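The values are calculated or read from the model by the stated rules, or taken from the named source; none is laboratory data. All of these numbers come straight from a predicted model, not from anything done at the bench. For neighbour counting, all protein chains shown are included, and Cβ atoms are generated from backbone atoms with ideal geometry for every residue, glycine included.
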Amino acid sequence: MNMISKSSGLTLIEILVTMVITSIGLMGLLSLQIQSMKATQDTGNKSQAIWIFNDLASRIRANENSSLSYANGLVNCAPPAVVCSNYFDGVATTPAAICTGPQLAAWDLFEVACGAPRNGNVRGNPISNLPGAQLTIACADPAVCDDGDPLSATLTWRARVDVAEIDGRIRLANDNLITQTRTIHP
């Protein structure tokens, strides 16, 4: 009696197909993980933005008699002539000067929108965590704008999640731009 035994092992082609399918699945999981990490960073950035708005609102309310001095449009990062609060830059403490209301407003805007100067690895400026952040403050109602009137603060920054990566479309100039606006009542 002659029995022919059939091979019951895996062929090389079956192993290669299994490896391709497994690697495609793992690449998909890796992509999901990367997008998840970016989304988590964006959520943290939104929390930073809320902290910045609350900080700015508190500063404006504390300097209500000069609140109009905060409404100057886009805040630039040129250091003001007068330092109005003590801060530690990582090396030494810079003492504060006695400031007028408008000088305090200029310092507050600089400190919130640009952060106090830091040396070394000292971090403590919430705005530095927002990529490409810009702060704009204007009167909420331009027709009626005086000290004590509501101000509109707009914070713009770039999100880390790339929309073009997700849906494959062509990248545009304002993709990933997040803008939040708050009305501040002094």
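Can you find even one residue in region 10-30 that is within 27 Å of the chain's Cα centre (by Cα) and not aromatic (Phe, Trp, Tyr)?
So far as region 10-30 goes, yes, one or more of its residues are within 27 Å of the chain's Cα centre (by Cα) and not aromatic (Phe, Trp, Tyr).
Can you tell which of 48, 41 is modelled with pLDDT of 80 or more, more than 22 Å from residue 186 (Cα to Cα), in a helix (DSSP H, G or I) and not basic (Lys, Arg)?
When all the criteria are applied, what remains is 41.
Which residues, counting only those in region 68-87, are more than 14 Å from residue 103 (Cβ to Cβ) and among the hydroxyl-bearing types (Ser, Thr, Tyr)?
Matches in region 68-87: 87 only.
Scan 122, 112 and give me the residue that is modelled with pLDDT under 85, under 22 Å from residue 44 (Cα atoms), surrounded by 13 or more Cβ atoms within 10 Å (Cβ to Cβ) and among the hydrophobic types (A, V, I, L, M, F, W, C).
Selected residue: 122, the only one of 122, 112 that is modelled with pLDDT under 85, under 22 Å from residue 44 (Cα atoms), surrounded by 13 or more Cβ atoms within 10 Å (Cβ to Cβ) and among the hydrophobic types (A, V, I, L, M, F, W, C).
Out of region 56-91, which residues are exposed (fewer than 15 other Cβ atoms within 10 Å of the Cβ) and modelled with pLDDT of 90 or more?
Scanning region 56-91 gives 58, 61, 62, 64, 65.
Restricting attention to region 85-102, does a residue exist that is in contact (Cβ under 8 Å) with a residue 60 or more places away in the chain, outside any helix (DSSP H, G or I), at negative phi and more than 17 Å from the chain's Cα centre (by Cα)?
Looking through region 85-102, none of the residues is in contact (Cβ under 8 Å) with a residue 60 or more places away in the chain, outside any helix (DSSP H, G or I), at negative phi and more than 17 Å from the chain's Cα centre (by Cα).
If you take the residues of region 55-84 that are in a loop (DSSP other than H, G, I, E, B) and touching a residue at least 40 places away in the same chain (Cβ under 8 Å), which of them is farthest from the chain's Cα centre (by Cα)?
Of everything passing the filter in region 55-84, 63 is farthest from the chain's Cα centre (by Cα).
Residues of region 5-54 being in contact (Cβ under 8 Å) with a residue 60 or more places away in the chain and farther than 30 Å from residue 104 by Cα, which ones?
Selection gives 35, 38, 39, 41, 42.
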